[in-house]
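Engineer: Can you read through this structure? Questions will come right after.
The values are calculated or read from the model by the stated rules, or taken from the named source; none is laboratory data. None of the values given here were measured: they were computed from a predicted structure. Cβ sites come from the backbone with ideal geometry, for glycine too, and all protein chains shown count toward neighbours. For the accessible areas, the whole protein counts, side chains as well, though only heavy atoms, and no ligand, DNA or RNA atoms are used. Shrake-Rupley method; radii C 1.70, N 1.55, O 1.52, S 1.80 Å.
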Amino acid sequence: VQLQAFGGGLVQAGGSLRLSCAASGSGFTINVMGWYRQAPGKQREEVAIIEYGGRPDYVDSVKGRFTISRDVAKKTVYLQMNNLKPEDTGVYYCRLATLNPTGHYWGEGTEVTLSS
């Protein structure tokens, strides 16, 4: 299983970006897909996840601004980020947890940079 993320870039505060992450491979069941980020000098933190049943969960700092969604058929997870703030700057990583078999996979990061 491999994950490939797209959509990062340079954006002004208040702007929007949409991240995508597609999983390749077959023979597994998607359990949880999510987005994490790592700001310079900080630990990686969970930003948003979407569970097997479709229920999303967000870190408090992005609630009301970010929306996570997925297309199970395409094995893709999205993160729509609106009203971006300087503190949203970081490298964003997608993560996939699978069932049958159980597995955990990380994608390479995509960088989001906020300009003042």
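Engineer: Given a Förster distance of 30 angstrom, what is the FRET efficiency for Glu45 paired with Ala73, based on the Cβ-Cβ distance and rounded to 0.05? Numbers along the way, then the final one.
Structural biologist: Values: r = 29 Å, r/R0 = 0.97.
Efficiency computed from Cβ-Cβ geometry: 0.55.
Engineer: By accessible area of protein heavy atoms, probe 1.4 Å, what ranking do Leu10, Leu3 get, highest first? Let's see the in-between values first.
Structural biologist: Values: Leu10 130, Leu3 20 Å².
Ranked list, largest accessible area first: Leu10, Leu3.
Engineer: Using a 1.4 Å probe and counting only protein heavy atoms, arrange Thr113, Thr76 so the residue with the most accessible area comes first.
Structural biologist: On the way: Thr113 45, Thr76 15 Å².
My answer, sorted largest first, is Thr113, Thr76.
Engineer: Distances over 26 Å make up what percent of all Cα-Cα pairs in the chain?
Structural biologist: Values: 999 of 6670 pairs.
When every Cα pair of the chain is considered, 15 percent fall beyond 26 Å.
Engineer: Another question about this same structure. DSSP beta bridges in the chain, what fraction antiparallel, as a percent rounded to 5?
Structural biologist: About 90 percent, rounded to the nearest 5.
Engineer: Given bins 10 angstrom wide, list per bin the percent of all Cα-Cα distances in the stretch 73-116, short to long.
Structural biologist: Over the stretch 73-116, the share of Cα pairs per 10 Å bin runs 21, 44, 24, 10, 1 percent.
Engineer: Only Lys, Arg, Asp and Glu count, each charged at its Cβ (+1, +1, -1, -1), so figure out the dipole size of the chain about its Cα centre, rounded to 20 debye. Let's see the in-between values first.
Structural biologist: On the way: 12 positive and 10 negative charges, 32 e Å.
Here the chain has a charge dipole of around 160 debye.
Engineer: Using a Gaussian network for the chain with springs between C-alpha atoms less than 10 Å apart, which of these wobbles most: Gly34, Gly90, Gly54?
Structural biologist: It is Gly54.
Engineer: Quick one: with all protein chains in place, what share of the accessible area of the stretch 1-103 is carbon or sulfur, to the nearest percent (1.4 Å probe)? Can you show the working numbers first?
Structural biologist: Numbers: 2540 of 5330 Å².
Ligands and nucleic acids excluded, carbon and sulfur give 48 percent.
Engineer: Same structure again: From largest accessible area down, sort Arg18, Arg44, Arg95; use a 1.4 Å probe on the protein chains. Don't skip to the end; give the middle numbers.
Structural biologist: On the way: Arg18 125, Arg44 95, Arg95 55 Å².
Descending order: Arg18, Arg44, Arg95.
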